[in-house]
1. Of [x] 3.5; [y] 7.1; [z] 4.0, which is the value of mean projected area of the Cα convex hull in nm² derived from the coordinates here?
2. Using a 10 angstrom cutoff on alpha carbons, build the Gaussian network for the chain and name the most mobile of ARG44, ARG13, ARG31.
3. Given only helices, namely DSSP H runs of n ≥ 4 each adding -39500 (n - 2.57), what is the per-residue ellipticity at 222 nm of the chain, to the nearest 500 deg cm²/dmol?
4. Taking the Cα-to-Cβ direction at MET24 and at SER59 and moving 7 Å from each Cα, how far apart do the two end points lie in nm?
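Only the coordinates and a few stated rules stand behind these numbers; no lab work does. These numbers were taken from a predicted model, which means no experiment stands behind them. Please note: Cβ atoms are built from the backbone with ideal geometry, for glycine as well, and neighbour counts cover all protein chains shown.
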Amino acid sequence: MFKSARRNKAEGRLDRIGGWVLEMVGRITGRKSHKVKGKAARMRGAARTATGRSKERTSR
């Protein structure tokens with residue numbers, strides 16, 4: 001069903017870290033696809049983290 005605020009924030013952090021790593025691999029190897037996928041993962045992670053924060057605020 002719906003994810004908790006804590007889970008959204010945790011998954012967001014993992015997406016941002018994974019995206020950063022993928023983006024660095026793309027920079028090192030020169031593959032644009034890795035850089036683009038990494039940036040997309042970082043943006044997805046930021047959105048999930050923001051969703052978790054907003055859920056936390058509304059539950060109080």
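1. [z]
2. ARG31
3. On the way: 2 runs with 53 residues, N = 60.
Computed mean residue ellipticity for the chain: -31500 deg cm²/dmol.
4. The answer from the label model is 3.1 nm.
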